[in-house]
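Down below is the structure, laid out as structure tokens.
The values are calculated or read from the model by the stated rules, or taken from the named source; none is laboratory data. Not measured: the values here are computed from a predicted model. With ideal geometry, Cβ positions are generated from the backbone for all residues, glycine too; neighbour counts draw on all protein chains shown. Protein only, heavy atoms only, side chains kept; ligands, DNA and RNA dropped before computing areas. Shrake-Rupley method; radii C 1.70, N 1.55, O 1.52, S 1.80 Å.
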Amino acid sequence: MEEPEMQLKVKKVTDKFTESMYVLANEPSVALYRLQEHVRRSLPELAQHKADMQSWEEQSQGAIYTVEYACSAIKNMKDSCVYFKSIDGLLRNAIVVKEQLNSTRR
């Protein structure tokens, strides 16, 4: 065989080999494998972030409940002012009646 003919055949073989490697490297199953590897590496960190967010949400809900309960207690205390005024008036009235009874006994 002549040298140029041999070089042409070698070039054809290497071109076919390169094309086969390119097709094999870009095959869908390889892409899925790469995607699977990415998910496998990323998933633990994402799961930790999700757990942290759920924990923060629970803490926030607890704080919101505490604030709402405190606001309700303050509102109830404000509303009870009427009852305390009524009790105060009744106690003053009772003291006056007691003093009248004591003065009539003397």
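No other residue among 5, 68, 19 is more than 19 Å from the chain's Cα centre (by Cα), modelled with pLDDT of 95 or more and assigned to a helix (DSSP H, G or I) apart from 68.
The C-beta contact set for segment 85-106 (first residue open to solvent by 100 Å² or more (accessible area, probe 1.4 Å) and basic (Lys, Arg), second residue assigned to a loop (DSSP other than H, G, I, E, B) and at pLDDT 90 or above, distance under 6 angstrom, 6+ apart or interchain) is empty.
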